[in-house]
Amino acid sequence: MTDHGISGPATGAPLRAMLARVARRAEAVVLPLAALMAGFAVFSLFLLMQGKSPAEFFSLVYKAGFGTAFSWQNTLSRTAPLLFAALCVALPARLGLVVIGGEGAIVLGGLAAGALGVSLAGAPAAVALPLMALAACVVGGLWIGSVGALRYLRGVNETIASLLLAYIAIALMNHLVEGPLRDPASLNKPSTAPLADALRVGDMPGWDVHWGLLAGIAGCVLAWALIDRTTWGFAARIAGGNVRAAQVQGLPVGRLILGFTALGGAFAGLAGFFEVAAVHGSANASLASGYGYTGILIAFLARHNPLAIIPVAILLAGFEASSGLVQRRMDLPDATTLVLQGFVFVAILISETLYGRLRIFAPERWSTR
Amino acid sequence: MTDLGIWAVPLAILAGAIRVSTPFLFVSLGEVLTERSGRINLGLEGTLVFGAMSGYAVAYLTGSPWAGVLAAAVAGALFGLVHGLICSLPRVNDIAIGIAMMILGMGLAFYFGKPFVQPVAPDLPAIPLGWWSDLPQVQAALQVNVLFLIGAAAAFAMWWMFRATRVGLIIRVVGDSTDAARAMGLRPALIRTLATAAGGAFAGVGGAYLSLYYPGSWNEGISSGQGLMAVALVIFARWNPVACFGAALLFGGAGALGPALQSVGVSEGYYLYYAAPYVLTLGVLIATSSPHRAMTGAPGELSITK
């Protein structure tokens, strides 16, 4: 058997090379899935300790999130903002930046789109809607781009700065919708004036899901192409690994940081645009509903890979879509979803320590005898 | 009641600085302890909220606010311990773990805290230091809580500990150089884990102050980023416990600006004043950070300043 590698290279080598490739790729899929399962397992123990049935919990999530055409539509409608919010974390993460304030860009992007939509009432939708989307992108991009600028120019920690800016954004939105931009007719819930029907983004033909889902998926594909298929993405990966080395190589680190944070913010702004134009019909406090924070978990679960964000976002959207029903049926508090997310998040981060350490995924285990 | 006119504003800010600063003080002292050992714990916001819930719940169930403070400290230490143990694994990002622990801490606090939103727990006692004044406003402003005094004493004690004691030296060595600490026969991972646990206990006590004194009730909106601001404040205070005390007073005053102006009838732009502490924190971060040189006083092994 010892001379097998010499006597049969023609048949053995391609197979082994393929196994090595599969092993290397499998690590990036199997470990996050295992971490997800571990998070679910800890959460199940948590439920058992409360005398609640994990089996009932997960079967209710399945039924209410993915069981019927109706629940799928509910899940997919919630997926759109999560895709954008996760991109706002994943793009800066390529440069090694942990930006967690996407909620602020969602809120202000939505507010910008809503306010512009009011002043564009009567304009043709083909002109007004792209302008509203653009306004949301610009505002969101400036908001998160300024986090990148502060990081590069002043060395301000981007994690803390982005979260502070999210609080500031929510206060700014509250100020504007309660004051200068308030529709006097909105009594109980201060809002901007409702958008004209022509300026509402509708559902995709044949579905009860608005166009934001398609836009979000397109955004993920675009972001993937940028990271994986362009020199910009390649340069960003180098700068994320080692800033000094990137600077020595003459890479424009400052422009990369600004570009990636601003692009992430622009995506988050789009989430706000779709929330206003497709879901709420006006900008109000509902914009700050936590999509930005769920997006952080999604990006980490997807290991900041934009294509992996799509299935992960759908999964977590299903959990959010089913949360109301599950909590009512099982008499659980609203925070149950947050607890589950916390356990999964901790599990996924612990799994980071296993990369490259499990021999089953090592290519050389398969390529050499 | 005497009408103080515009003087009510600085008085209210002073009162606010004393009342609002305590949670900032405790969280930032905990964070100084953790960061001096070379780790950052961004999850103290979650610890603060969980401390607020557990302190309130235990104070309600036992009837003793001090039992609540103790419970909050123990809960905070447990959160810190989990954070510290996970960070001891190779290649685990302490910033990301902090975000995860923040979500988990808030989730668990809201989950277990739901039955305690309605009941009324006993408050922590306050000492009337305004007895010399006839003005009821001054007397109200100088109602100083015992925890504020304990926090102020802890700030000076911690400053002395870092400066003059063996424990303080060990924490500083571990925070400045893992290699040097190993060469001295110290175990950096263990010391960092213990420092993170102790830091968590401080943050838990800060949370208990929120629910047991000011604002003095438990609900899901009890903290709006105080834990996170306190972490930023540590950079401003250059990892010096006594400077943390001053910074906490400054932030407390900023937080009291909105309610103070509202009390004299300025209600315009209420939400903008509400944003004042966040804007101040960001401004302070921008002013005290630098892209070119290592920050003075920063522990060498700290990931955010590398």
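The values are calculated or read from the model by the stated rules, or taken from the named source; none is laboratory data. This is a predicted model, so every value here is computed, not measured. Ideal geometry is used to build each Cβ from the backbone, glycine not excepted, and the neighbour counts take in all protein chains shown.
Considering (1) aliphatic (A, V, I, L, M); (2) closer than 14 Å to A:Ala347 by Cα; (3) at pLDDT below 95, the lone condition that B:Ile95 does not fulfil carries the number (2). Within segment B:77-101, the residues that satisfy the criterion of being of a type in the set (Gly, Ala, Ser) and facing another protein chain (nearest Cβ under 7 Å) are B:Ala96, B:Ala100. Filtering segment B:210-235 to residues that are touching a Ser or Thr at 6+ places or on another chain (Cβ under 8 Å) and surrounded by fewer than 24 Cβ atoms within 10 Å (Cβ to Cβ) leaves B:Tyr213, B:Tyr214, B:Ser217, B:Ile222.
Criterion applied to A:Ile100, A:Ile106 was being buried (at least 24 other Cβ atoms within 10 Å of the Cβ) and not in a helix (DSSP H, G or I), and the one residue passing it is A:Ile100. A:Phe84 meets the stated requirement of being within 22 Å of the chain's Cα centre (by Cα), modelled with pLDDT of 95 or more, assigned to a helix (DSSP H, G or I) and not β-branched (Val, Ile, Thr).
Only residues that are among the small types (Gly, Ala, Ser) and under 30 Å from A:Arg303 (Cβ atoms) were counted across segment B:59-101, and they come to 6.
Out of B:Val117, B:Val49, B:Val74, one residue alone is within 14 Å of another protein chain (Cβ to nearest Cβ), surrounded by fewer than 18 Cβ atoms within 10 Å (Cβ to Cβ), in contact (Cβ under 8 Å) with a residue 40 or more places away in the chain and of a type in the set (Val, Ile, Thr). It is B:Val117. Does segment A:306-318 contain any residue that is under 24 Å from A:Leu60 (Cα atoms), surrounded by 16 or more Cβ atoms within 10 Å (Cβ to Cβ) and either within 14 Å of chain B (Cβ to nearest Cβ) or out of contact with any helix residue (DSSP H, G or I) (no Cβ under 8 Å at 6 or more places or on another chain) (or both)? Yes, there is a match, as at least one residue in segment A:306-318 is under 24 Å from A:Leu60 (Cα atoms), surrounded by 16 or more Cβ atoms within 10 Å (Cβ to Cβ) and either within 14 Å of chain B (Cβ to nearest Cβ) or out of contact with any helix residue (DSSP H, G or I) (no Cβ under 8 Å at 6 or more places or on another chain) (or both). Only residues that are surrounded by 15 or more Cβ atoms within 10 Å (Cβ to Cβ) and at pLDDT below 75: list them for segment B:277-302, please. Hit for segment B:277-302 is B:Met295, nothing else.
If you check B:Pro291, B:Pro259, B:Pro277, B:Pro299 for being of a type outside the set (Lys, Arg) and in contact with an Asp or Glu (Cβ under 9 Å, 6 or more places away or on another chain), only one passes: B:Pro299. Residues in segment A:321-368 that are in contact with a Pro (Cβ under 7 Å, 6 or more places away or on another chain) and away from chain B (no Cβ under 14 Å): 0 in all. Determine if segment A:128-139 includes at least one residue that is surrounded by fewer than 22 Cβ atoms within 10 Å (Cβ to Cβ), at pLDDT 95 or above, part of a helix (DSSP H, G or I) and not aliphatic (A, V, I, L, M). Yes, that holds for at least one residue. Within segment B:239-272, the residues that satisfy the criterion of being at pLDDT 90 or above and either of a type in the set (Gly, Ala, Ser) or at positive phi (or both) are B:Trp239, B:Ala243, B:Gly246, B:Ala247, B:Ala248. Take A:Gly122 and tell me if it is among the small types (Gly, Ala, Ser) and over 21 Å from A:Ala86 (Cα atoms). Yes; evaluated as a whole, the condition is true for this residue. Out of the residues in segment B:263-276 that are surrounded by 17 or more Cβ atoms within 10 Å (Cβ to Cβ) and more than 7 Å from chain A (Cβ to nearest Cβ), state the one that is nearest to B:Phe236 (Cα to Cα). The qualifying residue nearest to B:Phe236 (Cα to Cα) is B:Ala276.
Residue-wise test of (1) among the aliphatic types (A, V, I, L, M); (2) assigned to a loop (DSSP other than H, G, I, E, B); (3) within 12 Å of chain B (Cβ to nearest Cβ).
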position	(1), (2), (3)
A:Val147	yes, no, yes
A:Ser162	no, no, yes
A:Ala166	yes, no, yes
A:Pro180	no, yes, yes
A:Ala193	yes, yes, no
A:Phe234	no, no, no
A:Ala239	yes, no, no
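Residue by residue, here is whether (1) within 14 Å of chain A (Cβ to nearest Cβ); (2) surrounded by fewer than 22 Cβ atoms within 10 Å (Cβ to Cβ); (3) over 21 Å from B:Leu85 (Cβ atoms) holds:
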| site | (1), (2), (3) |
| --- | --- |
| B:Ile103 | yes, no, no |
| B:Asp123 | no, yes, yes |
| B:Leu135 | no, yes, yes |
| B:Ile171 | no, no, no |
| B:Arg187 | no, yes, no |
| B:Ala208 | no, no, yes |
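Note down all Cβ pairs under 8 Å where the first residue falls in segment B:277-292 and is more than 22 Å from A:Ala171 (Cα to Cα) and more than 7 Å from every other protein chain (Cβ to nearest Cβ), the second is surrounded by fewer than 17 Cβ atoms within 10 Å (Cβ to Cβ) and basic (Lys, Arg), and they're at least six residues apart or on different chains. Cβ pairs passing all conditions: B:Thr288/B:Arg238. Exactly one residue out of A:Ala112, A:Ala121 is in a helix (DSSP H, G or I) and more than 14 Å from chain B (Cβ to nearest Cβ), and it is A:Ala112.
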